[in-house]
Protein chains: 2
Amino acid sequence: MLKVNDNFQKLPGSYLFSTIAKKVAAYSEANPDKKIIRLGIGDVTQPLAPAIIAAMHKAVDEMGATETFHGYAPDLGYEFLRNAIADNDYKARGCDISADEIFVSDGAKSDSGNIQELFSADAKIAVCDPVYPVYVDSNVMAGRTGTYDENTGMWSDVIYMPCAMENHFVPEFPKETPDVIYLCLPNNPTGTTITKAQLQEWVNYANKNGALIIYDGAYEAYISEENVAHSIYECEGARTCAIEIKSFSKNAGFTGVRLGYTVVPKDLSYEGVSLHGMWARRHGTKFNGAPYIIQRAGEAVYSPEGKAQLKQQVAYYMNNARVILEGLKEAGYTVFGGVNAPYIWLKTPERMGSWEFFDYLLETANVVGTPGAGFGPSGEGYFRLTAFGSYENTVAALERIKAL
Amino acid sequence: MLKVNDNFQKLPGSYLFSTIAKKVAAYSEANPDKKIIRLGIGDVTQPLAPAIIAAMHKAVDEMGATETFHGYAPDLGYEFLRNAIADNDYKARGCDISADEIFVSDGAKSDSGNIQELFSADAKIAVCDPVYPVYVDSNVMAGRTGTYDENTGMWSDVIYMPCAMENHFVPEFPKETPDVIYLCLPNNPTGTTITKAQLQEWVNYANKNGALIIYDGAYEAYISEENVAHSIYECEGARTCAIEIKSFSKNAGFTGVRLGYTVVPKDLSYEGVSLHGMWARRHGTKFNGAPYIIQRAGEAVYSPEGKAQLKQQVAYYMNNARVILEGLKEAGYTVFGGVNAPYIWLKTPERMGSWEFFDYLLETANVVGTPGAGFGPSGEGYFRLTAFGSYENTVAALERIKAL
């Protein structure tokens with residue numbers, strides 16, 4: 001009789017955003033007349049930029065003619081896209097990353113979930129708390145996290161690095177040395193980030209301890225402050241201790257287009273084994289490339305027109321962030337984030353848990369946000385709103401919140 | 001210090017098709033004047049059908065306007081596509097499969113590689129030999145296959161079911177009872193298949209032994225004989241013992257478009273755990289949906305125009321299969337397959353190993369095929385040619401082979 005992977009059964013409840021979707025659907029069904037505004041899930045709302053649309057139409061036409069048809073893509077991505085990424089996201093910033101260290105994928109979520117396949121079964125992971133759920137959940141499924149304590153909401157074999165008001169949301173070096181450190185900066189969910197100097201300290205720490213940093217830079221395009229790194233490879237020594245995962249979802253609105261990439265430098269090796277070689281093998285065996293049409297869309301992100309259009313798109317969302325930040329302050333909330341990231345992290349009113357606040361906001365203002373507790377125990381007492389709505393909805397949501 | 005997943009280091013050599021690509025590139029560089037014809041990798045060459053191109057243009061336009069923009073897709077696939085699949089691939093054939101048992105993905109290769117995450121670490125897998133490399137390699141990476149014997153080319157903890165001339169390429173029930181049985185029918189690489197009555201025996205065997213069948217039906221569209229099942233769910237009892245993986249790559253030419261699906265019936269449970277729930281959780285945690293544009297392309301496969309156009313496309317490739325079969329016979333080869341599948345499996349000339357024949361064919365006829373040994377030890381002495389080239393190239397390749 002087949003035995004199943006019983007690590008799956010250890011996962012508490014369902015994936016955070018599935019739970020929220022179900023709650024909202026139930027409320028909506030019971031109150032069909034209410035106009036709900038969703039500032040919960042980090043999904044974009046603006047249409048794709050014209051340069052991207054044009055590139056996709058062209059690629060679709062190519063797929064319709066024998067001479068220009070494209071079958072299987074190279075496992076690791078088309079040269080045209082890998083070169084555009086290397087030139088624009090790395091070389092232009094003085095980072096020493098070459099095109100063949102870039103692995104194109106169907107999105108940062110897949111890469112974030114799959115990257116743990118490279119670690120031994122007993123590798124010890126460290127995560128910021130609160131944190132994007134995929135890092136921990138994918139390690140749970142692989143049996144790497146020990147047992148779950150329902151009271152604390154914590155796993156016995158995960159090292160948590162609390163990020164809260166008290167430490168200005170800057171993770172501290174943990175007491176126990178981790179093998180793998182997940183860092184998402186600018187941060188989801190708190191919308192905060194750390195300076196390049198602080199990031200350099202993490203790179204030094206990882207190199208000193210033989211640890212690997214998984215650096216999730218999905219929100220890099222939203223950085224507005226000068227002293228914040230756009231890539232971990234801006235830090236000295238990162239090539240020997242860091243993998244960087246990037247998404248096209250937030251800088252180019254590709255949440256429904258699906259494109260991302262992961263940088264695995266060739267200098268990265270542990271126990272004499274190259275992680276670059278391992279990831280190449282993983283890609284080659286379990287993945288068959290991102291669609292040609294989508295990779296052409298990715299290339300257009302780096303065209304002069306694409307860049308100009310997307311700068312406007314990011315500015316549009318960051319204007320929403322400003323509306324949320326100012327509106328919440330006006331309503332008396334304590335707020336964080338929203339300056340280098342499209343997320344605003346608010347302190348829930350005293351004696352109100354974050355799921356309680358979720359229900360309160362849904363029922364009174366018909367606004368959907370994300371409870372901080374959904375991102376980990378230290379998220380309790382906080383709540384996330386995203387700037388990815390339309391301007392009109394964002395303004396309307398804040399008017400409703402201010403009127404409560 | 002981080003320890004790596006040392007199961008990766010057990011994998012011998014690189015992924016089969018990467019090795020072939022490197023060999024061909026080296027030959028091509030050394031002989032730039034030779035016109036190489038590739039009948040090796042199973043990549044299609046015909047452009048996408050007009051109905052699919054039209055659907056994609058429409059979807060691209062939708063992504064460019066606020067009112068019709070699509071962000072994150074539902075984790076498990078859009079209803080419009082899941083319904084089209086359920087209606088056309090299952091209900092129309094009398095199979096009891098509902099839309100919410102269908103999980104849309106970025107392709108059958110990903111699903112084939114990821115499905116093993118549902119099994120316990122000590123689950124024992126059985127594969128046909130020869131076999132598509134992904135089934136075994138993905139289990140090697142998960143540490144499920146024991147040690148590799150270089151002399152036999154076999155893993156100590158994998159159950160091999162030899163398929164050769166002697167048993168008419170029909171796998172026999174293994175002596176040791178497996179937990180998981182991978183069946184690819186019509187078969188890659190041999191191009192052969194089994195009757196529906198024979199498949200029913202496998203379903204009975206799996207139900208009796210508490211085993212799970214992973215049924216890879218990627219080549220279903222090429223079935224031409226009446227007594228062959230188009231889905232394992234045509235067999236009685238398959239809902240309690242089988243997962244079916246399907247691809248759009250071969251029936252619709254989506255190798256560079258990336259779309260597939262996996263059927264996990266709700267009746268499928270082991271140790272009281274629903275595999276449907278586990279796969280839903282896996283999808284929700286490590287995957288973020290197939291692109292909207294690509295799912296619309298998939299929907300067009302089932303439109304009346306799409307169906308008519310793709311019937312012609314499949315007929316085009318099957319005509320190539322006929323050319324290869326007849327040409328090889330004329331040249332004196334013993335051949336199999338090519339009737340219900342786009343692959344032709346030939347016996348290599350006496351005393352010539354399959355990699356030796358690969359080099360021979362590359363160097364004398366400038367034709368690329370795939371050595372049987374690359375698919376497993378019982379593939380030694382055989383060689384695969386695919387019908388996915390253009391008609392002109394296929395005819396030219398066979399003229400060259402006949403002239404040797």
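Please state which of the following conditions B:R144 fails to meet, knowing it meets all the rest: (1) free of Cβ contacts under 8 Å to residues at least 60 places away in the same chain; (2) in contact with a Pro (Cβ under 9 Å, 6 or more places away or on another chain); (3) of a type outside the set (V, I, T). With (1) free of Cβ contacts under 8 Å to residues at least 60 places away in the same chain; (2) in contact with a Pro (Cβ under 9 Å, 6 or more places away or on another chain); (3) of a type outside the set (V, I, T) applied to B:R144, the lone miss is (2).
Out of all the residues in segment B:30-39, is one or more within 12 Å of chain A (Cβ to nearest Cβ) and either touching a strand residue (DSSP E or B) at 6+ places or on another chain (Cβ under 6 Å) or within 30 Å of A:L275 (Cβ to Cβ) (or both)? Within segment B:30-39, one or more residues are within 12 Å of chain A (Cβ to nearest Cβ) and either touching a strand residue (DSSP E or B) at 6+ places or on another chain (Cβ under 6 Å) or within 30 Å of A:L275 (Cβ to Cβ) (or both).
In summary, A:G337 fulfils each of the numbered conditions (1) over 30 Å from A:E62 (Cα atoms); (2) surrounded by fewer than 22 Cβ atoms within 10 Å (Cβ to Cβ); (3) modelled with pLDDT of 95 or more with the single exception of condition (2). If we scan segment B:264-277, do we find a residue that is in contact with a helix residue (DSSP H, G or I) (Cβ under 8 Å, 6 or more places away or on another chain) and assigned to a helix (DSSP H, G or I)? Yes: one or more hits.
In segment B:200-248, which residues are over 29 Å from B:E271 (Cβ atoms) and assigned to a loop (DSSP other than H, G, I, E, B)? Correct list: B:A218, B:Y219, B:I223, B:S224, B:E225, B:E226, B:N227, B:V228, B:H230, B:F248. Has segment A:106-115 got at least one residue that is more than 9 Å from chain B (Cβ to nearest Cβ) and among the polar types (S, T, N, Q)? No: segment A:106-115 contains no residue that is more than 9 Å from chain B (Cβ to nearest Cβ) and among the polar types (S, T, N, Q).
Does B:Y360 meet the test of being hydroxyl-bearing (S, T, Y), out of contact with any strand residue (DSSP E or B) (no Cβ under 9 Å at 6 or more places or on another chain) and either crowded, with 24+ Cβ neighbours inside 10 Å or under 30 Å from B:Y160 (Cα atoms) (or both)? Against the criterion (hydroxyl-bearing (S, T, Y), out of contact with any strand residue (DSSP E or B) (no Cβ under 9 Å at 6 or more places or on another chain) and either crowded, with 24+ Cβ neighbours inside 10 Å or under 30 Å from B:Y160 (Cα atoms) (or both)), B:Y360 qualifies.
Test of understanding: among A:D129, A:D122, A:D111, which residue is closer than 19 Å to A:K286 by Cα, modelled with pLDDT of 95 or more and not hydrophobic (A, V, I, L, M, F, W, C)?
Working: A:D129 fails: closer than 19 Å to A:K286 by Cα; A:D122 fails: closer than 19 Å to A:K286 by Cα.
Unique residue meeting the criteria: A:D111.
When segment B:352-387 is filtered for residues that are under 19 Å from the mean Cα position of the chain (by Cα) and of a type in the set (G, A, S), the ones remaining, listed by number, are B:G369, B:G372, B:A373, B:G374, B:G376, B:S378, B:G379, B:A387. Set side by side, the residues B:A73, B:A55, B:A65, B:A49 differ, and just one is facing chain A (nearest Cβ under 9 Å) and crowded, with 23+ Cβ neighbours inside 10 Å, which is B:A49.
For segment B:59-85, the candidate set comprises residues that are part of a helix (DSSP H, G or I) and of a type in the set (A, V, I, L, M, F, W, C); within that set, the residue that is nearest to the chain's Cα centre (by Cα) is B:I85. Residues in segment B:299-351 that are part of a strand (DSSP E or B) and under 30 Å from B:D89 (Cα atoms) were compared, and the one that is nearest to the chain's Cα centre (by Cα) is B:Y343.
Restricting B:H283, B:H276 to residues that are farther than 16 Å from B:P50 by Cα and at pLDDT below 95 narrows the list to B:H283.
Residue pairs whose Cβ atoms lie under 6 Å apart, sitting 6 or more positions apart in sequence or on different chains, and linking a residue in segment A:157-182 that is touching a residue at least 60 places away in the same chain (Cβ under 8 Å) to a partner that is part of a strand (DSSP E or B) and of a type in the set (D, E), are A:Y160/A:D129; A:P162/A:D129.
The values are calculated or read from the model by the stated rules, or taken from the named source; none is laboratory data. All of these numbers come straight from a predicted model, not from anything done at the bench. Cβ atoms come from the backbone with ideal geometry, glycine included; neighbour counts cover every protein chain shown.
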